[in-house]
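First the structure, in the form of C-alpha cells, and then the observations on it.
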Amino acid sequence: MEAFQFIQAKTVDNALDAARPQAGAKFVAGGTTLIDLMKLNVERPKTVVDINGLPLTQIESTPDGGLKIGAMVRNSDLAHDATVQKRYTVLSEALLSGASPQLRNMATTGGNLLQRTRCYYFRDTAYACNKRDPGSGCAAIDGFNRIHAILGTSEHCIATHPSDMAVAMMALEATVIIQGPSGNRNVPLNEFYLLPGSTPQKENVLAPGDLITHATLPALPDGTRSHYLKLRDRASYEFALASAAVVVTMDGNRIRRARVALGGVATRPWRSPEAERALENREASEKNFRAAAEVALRGAKPLHDNAFKVELAKRVLVRSLKVATTQAS
Amino acid sequence: MNKNRDPDVPSNGGVSKVSPDNGFDKPDEFTRRSFLTQLSAAGIAAAAAPLIHSPHAVAAPATVIEPVPETQVPGAVPFVLNINGRDHRVLLEPRVTLLDALRENLQLPGTKKGCDHGQCGACTVHVNGRRVNSCLSFAIMHQGDKITTIEGLAQDGELSPMQAAFLEHDGFQCGYCTSGQIMSATALLKEPCGSDDAAVRECMSGNICRCGAYNNIVAAVQTVRKNA
C-alpha cells in the first residue's frame, strides 16, 4: 500500500475543507471497500480523510412520513432499526443479505452507495481495465465473465454494481443528499448512478470533494409490502448473481403500485420501469409476474459465461413478487 | 533447507535444551510461541550458514533474535490505542491496519491474518463491544475506541464461557480461525440472532473454517446461549 496523508475530520465542513485542495483525496468511513482496494493498489489516494467522527449517525423520521438516514449509519444499525424493519422491509432484508455481521458493523450507508465492483479484472492490476485505468481495455469481455453484467453494459465495461442496499433503495426511490465544493444538492438515486458507456471510471454524479451526508426515503402508501431476494453461489457472505427488490401496493389481488429493481446483473443498481408498467393495474399472478420479468430482461446482452443470469434474474424477480404479494399485510 | 544445513548443527536446533516436561508445565517460562520463535530463529541461522562460509557461525544453539532498536519510520504518528483495558502508546504510519498493529507492534498475535481482505473473519476483534474485521481498518482510526482481542477474553486466568465451550465441543481442528470464531461468537451473544442452529450459522457466516469444524462451532455457541 502506498503511503498517504491522513486527516481526521470532526465536522462536515472539516471534511470538505480537508478534501477540497487535495487532488486524489478519499474519504474513509467503514473502510471495507477503500482499504481493501488500497491493499491491491487499485485505489491509491494521496490523502485519506477519516470521517468517522462526523455527526451523521441518526435515523430520523421526516415530517412527510419518510426517513432520513445519516451517511455514517452502519449497515447493521440500519438493518435492525425498528422503523426500517417494519416500513422498509426490503431495505432491512437487502442489508442483512450483504457481506457478514462484522462487515455490516463497519460499512456505512454512504459508503455502501459507493461500493466498487467485484470484477476480478478491476481488482487485479495485472489486467487491463477501463474502470481502473481508462483506455487500457476490458479484460472481462473476452475473459471469464460468469459474474458480470447482462444489462447496462458497454463495449468498455461489463462490471456489475455489487451493492444490495442500493438495489433496495432504488426500489424505494431514495434520494442522495450531497454537500461539496460546488454546493449542496439532492439527487434521486435513479439519477445518481451512471452507465459505463465510454467512461466506466465515472460511476456516479459525485464531483471530486463531494460528500454524501444523508439518504432519504419517501413515505410509502399504506399497506405497501416489500421484499428482497438474493441468489448467489453460497447461502451467505457472497455477492449476488441475481437479486430483486420489489415494493408493491395491493388493492385486493390487484397490484396498484409496483417498484422493481434488480441487482447482480447490471452495471448499476437496475430499476425496471418496464416491469413496473407490466405489473401495475394487473392481478397478482404468476403469469403476470413472468410477463414483467420478460420485459425487465428484454434488453439483456449475455456473454460467454453469464447467459444463465438471464433466466436466473427472471426467476428471482418472479419469486420475489410472489413472496411480496402473498405476505400478510 | 535440509540439504544446505551444516552437519554440525543439531537437527533440532535450539530446541534440544528444552525438555518437554519443562515446556508445557511452566507456560511462563516456555510457551508455544517462544518455542516457535526459537524454531524460526534456528531456521534462519541454518539457512544462512552456507552464505557466511564459517563452520562456527551457527554452532551455538539459536537464541531469540535481539530486538532491533526502535527506528523512526518516516511518516509514523504517535497515538494511543486502548486494548484489553490497557492504553498502549504506539508510533505507526497511518497505513498500518489495526490487525498489523496488534500482531506486529503490540505483541498480540492471537488475532490472526487469514485473507487480509475481509473475506475470512480470522482477524475479528471487538471495537466498543462490536465485532469488526481488523484487517480493513487503519489503527489510527481507533484512537479513543475500546478494542478487545482474544487475549482479553479470559478474566483472572479463567477462560470466558465461549472459550470454554469451544474446548468442550472441539470447535476447531487446525485452530487458525479459532480466535476469530470465538470473538465473533462472543459478540453474537449480544446481537439480534434467531434461536435455531440455522440462525447461528447465518450469524457466524463471516468466519470461514477451512477444516470444516462448523457443526462443533454451532454446538459451542448454542451451549453458551442456552446457559446464558
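Label point 7 Å out from B:Lys146 along Cα-to-Cβ: which residues of the stretch B:78-105 have amide N under 17 Å?
Answer for this model: B:81-88.
How large are Rg and Dmax for the protein assembly as shown when only the alpha carbon atoms are used, in Å?
26.4, 92
Distance in nm between label sites at B:Phe35 and A:Asp13, each 7 Å beyond Cα in the beta-carbon direction?
6.1
Taking Cα pairs under 8 Å and at least six residues apart, what relative contact order does the stretch B:114-228 come out at, in percent?
31
Please report how far the C-alpha centroid of the stretch A:95-124 lies from that of the stretch A:206-266, rounded to the nearest whole angstrom.
16
Please list the helices of chain A that count as membrane-span-like by this rule: a mean Kyte-Doolittle hydropathy of at least 0.0 together with Cα atoms stretching 18 Å or more along the helix axis, each helix being a complete DSSP H run. Show your work: numbers first, answer last.
Details: long enough: A:308-326 (27 Å, 0.43).
Those that pass (Cα extent of 18 Å or more, hydropathy at least 0.0) are A:308-326.
Between beta-carbons, use under 10 Å as the cut-off and find the net charge around B:Ala219, counting Lys and Arg +1, Asp and Glu -1. Kindly include the intermediate steps, with their values, before the conclusion.
Working: positive: none; negative: B:Glu168, B:Asp170, B:Asp197.
Result for the neighbourhood of B:Ala219: -3.
Using a 7 Å offset from the Cα along the Cα-to-Cβ direction at both B:Glu104 and A:Arg298, what is the distance between the two label points in nm, to one decimal?
In this crude label model, B:Glu104 to A:Arg298 measures out at 5.6 nm.
What are the lysines whose alpha-carbon lies under 19 Å from the alpha-carbon of A:Lys301, with same-chain residues fewer than 8 places away excluded?
A:Lys309, A:Lys314
Calculated FRET efficiency, A:Arg20 and B:Asn215, Cβ-Cβ r, R0 51 Å, to nearest 0.05?
Values: r = 54 Å, r/R0 = 1.06.
Efficiency, rounded to the nearest 0.05: 0.40.
Between A:Ala126 and A:Met1, what is the label-to-label distance in nm when each label sits 7 Å out along the Cα-to-Cβ direction?
Roughly 2.3 nm, to one decimal.
Give the share of C-alpha pairs in each 10 angstrom bin for the stretch A:224-326, from 0 to the last occupied bin, in whole percents, shortest bins first.
Reading the bins upward from 0: 17, 52, 26, 6, 0.
With the contact rule set at Cα under 8 Å and sequence spacing of 6 or more, what percent relative contact order holds for chain A?
17
Could you tell me how far the Cα centroid of the stretch A:145-196 sits from the Cα centroid of the stretch B:148-175, in Å?
Answer, in whole Å: 44.
Can you give the calculated 222 nm mean residue ellipticity of the protein assembly as shown, where each DSSP H run of n ≥ 4 adds -39,500 (n - 2.57) and the sum is split over every residue, rounded to the nearest 500 deg cm²/dmol?
-8000 deg cm²/dmol
Starting from the Cα of B:Lys190, draw a straight line to each of the aspartates and glutamates and keep only those under 16 Å, dropping any in the same chain fewer than 8 residues away.
A:Asp77, A:Asp81, B:Glu202
Inside 10 Å of the C-beta atoms of A:103-110, what's the mean count of C-beta atoms belonging to other chains?
Mean number of neighbouring Cβ atoms from other chains: 4.
Only residues of the stretch A:40-68 count here: report those whose backbone N is under 20 Å from the spot 7 Å along Cα→Cβ of A:Ala219, or say none.
Only A:59-68 pass the distance filter.
Ranking A:Leu229, A:Leu56 by Cβ neighbours within 10 Å, fewest first, what do you get?
Starting with the residue having the fewest Cβ neighbours, the order is A:Leu56, A:Leu229.
List the pair-distance distribution P(r) of chain A, using every Cα-Cα distance, as the percent of pairs falling in each 10 Å bin from 0 up to the bin containing the longest distance, rounded to whole percents.
Per 10 Å bin, starting at zero, the Cα-Cα P(r) for chain A comes out as 6, 27, 35, 24, 8, 1, 0 percent.
Each value in this text was obtained by applying a stated rule to the coordinates, not by laboratory testing. Since we're looking at a predicted model, the values are computed, not measured. Using ideal geometry, Cβ is built from the backbone for each residue, glycine included, and neighbour counts are taken over all protein chains shown.
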